[in-house]
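Engineer: I'd like to ask you about the structure that follows.
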Ligand code: SF4
């Protein structure tokens, strides 16, 4: 299902190129776009090291591909919905022109980002799916809280929770930063650490205005690269 990324050559390494781990066509497993057939562009590299990271294979490697070649690969899938993910896609400066190019080409575009880097320069047509890292991730200090002021109702906030401590931390953060008023808020359990039904019950008991989500692609195919 995935398109093999090309290895860099002297002629292919251009100023508008990005390091890409994989480009593949699958079902969106998260956010309000869950269930939609989507082309994923997974960019290589991430400055964070979340304890429960499920995409460590994207930390290194990949191939260097110019933006026009990325668009050509995406077009092969004849799918109007595109998600740029990682790794941390904003760690590469050329992510911003890639997002513009995808929007200009007419795609409905979302970006999945850790919330650790500035989201200010992103094309406003892009729906930003931004994490806030809870303590169980080990990366809470990386949260760039000033990003919150940039979010609109077009964006979404995602909190991945590993424990009851994370859950209570998330509720406090939501109230302190008025997250429920900014955009849709998503709560997800860390697979294998917090039982999904338990998190769902806590949300019901506390009458939280959040969207509970599982990673649909893992329900369908497990944790498989290219899915
Ligand atoms: S930000 Fe995402 S890709 Fe980076 S370590 Fe955390 S979960 Fe993994």
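Engineer: For the chain, what is the relative contact order in percent, using Cα pairs closer than 8 Å and at least 6 residues apart in sequence?
Structural biologist: Relative contact order of the chain: 19 percent.
Engineer: I want to verify a result. In a Gaussian network model of the chain, Cα cutoff 10 Å, which of these has the top mean-square fluctuation: 192, 29, 138?
Structural biologist: Comparing 192, 29, 138 in the GNM, the peak value goes to 192.
Engineer: Output the antiparallel fraction of DSSP beta bridges having both residues in the chain, as a percent to the nearest 5.
Structural biologist: Values: 13 of 35 bridges.
Antiparallel bridges: around 35 percent, rounded to the nearest 5.
Engineer: Grab the DSSP H runs of the chain that are 4 residues or longer, score each as -39,500 (n - 2.57), total them, divide by all residues and round the 222 nm result to the nearest 500 deg cm²/dmol.
Structural biologist: That comes out to -6500 deg cm²/dmol.
Engineer: Still on this structure: Using per-residue counts of other Cβ atoms within 10 Å, averaged over each peptide, order 105-112, 36-43 from highest down. Please report the intermediate quantities before stating the final value.
Structural biologist: Numbers: 105-112: 19.8, 36-43: 22.1.
Ranking, from highest mean packing down: 36-43, 105-112.
Engineer: Taking the Cα atoms of segment 73-162, report the difference between the largest and smallest coordinate on each principal axis, in whole Å and largest first.
Structural biologist: 40, 25, 24
Engineer: Between residue 56 and residue 103, 0.36 nm times their residue separation minus their Cα-Cα distance comes to what?
Structural biologist: Result for the pair: 14.1 nm of gain on full extension.
Engineer: So, one more: Would you mind putting 207-214, 67-74 in packing order, based on average other-beta-carbon counts within 10 Å, highest first?
Structural biologist: 67-74, 207-214
Engineer: If the viscosity is 0.692 mPa s and the temperature 37 °C, what translational diffusion coefficient in µm²/s does Stokes-Einstein give for segment 2-157 when Rh comes from Kirkwood over Cα pairs?
Structural biologist: Taking Rh from Cα pairs, D becomes 208 µm²/s.
Engineer: Can you give the relative contact order of segment 11-60 as a percent, counting alpha carbon pairs under 8 Å and 6+ residues apart?
Structural biologist: 32 percent
Throughout, read-outs are computed from the coordinates displayed, never taken from laboratory work. On a predicted model such as this, the values are computed, not experimentally measured, just so you know. Backbone-built Cβ (ideal geometry, glycine too); neighbour counts: all protein chains shown.
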